[in-house]
Amino acid sequence: MAERISEKSSMTPSATELDETDIRILQLLQENCKMSIMEISKEVDKGISTVHARIKALESSGIIKKYTAILDSGKLSRQTLAFVLIRIRYYAPGQEGMLSQRDFCKDIAQHPLVQDVHVLSGEYDVLLKIRARDIDEINHFIVDFLRHKPAVDRTLTMFAMDSYLESTELRSLGWKEH
């Protein structure tokens, strides 16, 4: 079993081995990934070298995947948000063998309007989150692109009328159910 990451250990952590300091470092980086190691060390009351080692361990373990900027979609004229449910046709006319849901998802994920792709259980197989300039742009995506895919049996599109929370943060990090 891997050793918990600590000030004395350079082992890479797993999610179950994170202590309160690791969790606080992750929370701070989620809030502001440009925060300096010095600022983080003051917030968590640990030495700079300790914080640096912990961040490097979190990166090498894959817990921290990347650092990124969060853009305001409305200010970039991408204010129309839609969710598209897709029912997959696993056997399509003219296609040999079973169509791959994984290949379909990887293909759809390459489209620039697609923000998220999720495989679902239930009546529909895939959920897409689409961000576009307007309804017309989403219409073209669905009618001219998505429905031409042999794997697509049926779609159901829902437009967001208003949004109260959109987050890239793992907000439950450090949360304990009481």
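The values are calculated or read from the model by the stated rules, or taken from the named source; none is laboratory data. The structure displayed is predicted, hence computed values, not measured ones. So basically every Cβ, Gly included, is an ideal-geometry build from the backbone, and we count neighbours across all protein chains shown.
Below is a table of values for the structure above.
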read-out: Any hit, the range 78-94, residues being assigned to a loop (DSSP other than H, G, I, E, B), at pLDDT below 95 and closer than 23 Å to T168 by Cα; value: yes
read-out: Extreme residue, surrounded by the fewest Cβ atoms within 10 Å (Cβ to Cβ), among residues of the range 90-126 that are on the phi > 0 side of the Ramachandran plot and either free of Cβ contacts under 8 Å to residues at least 40 places away in the same chain or of a type in the set (D, E) (or both); value: G122
read-out: Pair list, Cβ under 8 Å, 6 or more apart: the range 157-178 residue closer than 15 Å to S73 by Cα, other residue among the aliphatic types (A, V, I, L, M) and surrounded by 11 or more Cβ atoms within 10 Å (Cβ to Cβ); value: A160/L81; A160/A82; S163/L81
read-out: Among (1) of a type in the set (F, W, Y); (2) surrounded by 15 or more Cβ atoms within 10 Å (Cβ to Cβ); (3) under 30 Å from I63 (Cβ atoms), the one test that F141 misses; value: (3)
read-out: Out of A57, A132, A53, A82, sole residue that is among the small types (G, A, S), in contact (Cβ under 8 Å) with a residue 60 or more places away in the chain and buried (at least 16 other Cβ atoms within 10 Å of the Cβ); value: A82
read-out: From the options Q115, Q110, residue that is modelled with pLDDT of 95 or more and either assigned by TED's automatic domain parsing to the domain that holds E17 or not in a strand (DSSP E or B) (or both); value: Q110
read-out: Failed condition for P150, given (1) free of Cβ contacts under 8 Å to residues at least 40 places away in the same chain; (2) in the same structural domain as I88 (by TED's automatic domain parsing); (3) in a loop (DSSP other than H, G, I, E, B); value: (1)
read-out: I88 vs. criteria farther than 27 Å from Q30 by Cβ and touching a helix residue (DSSP H, G or I) at 6+ places or on another chain (Cβ under 6 Å); value: yes
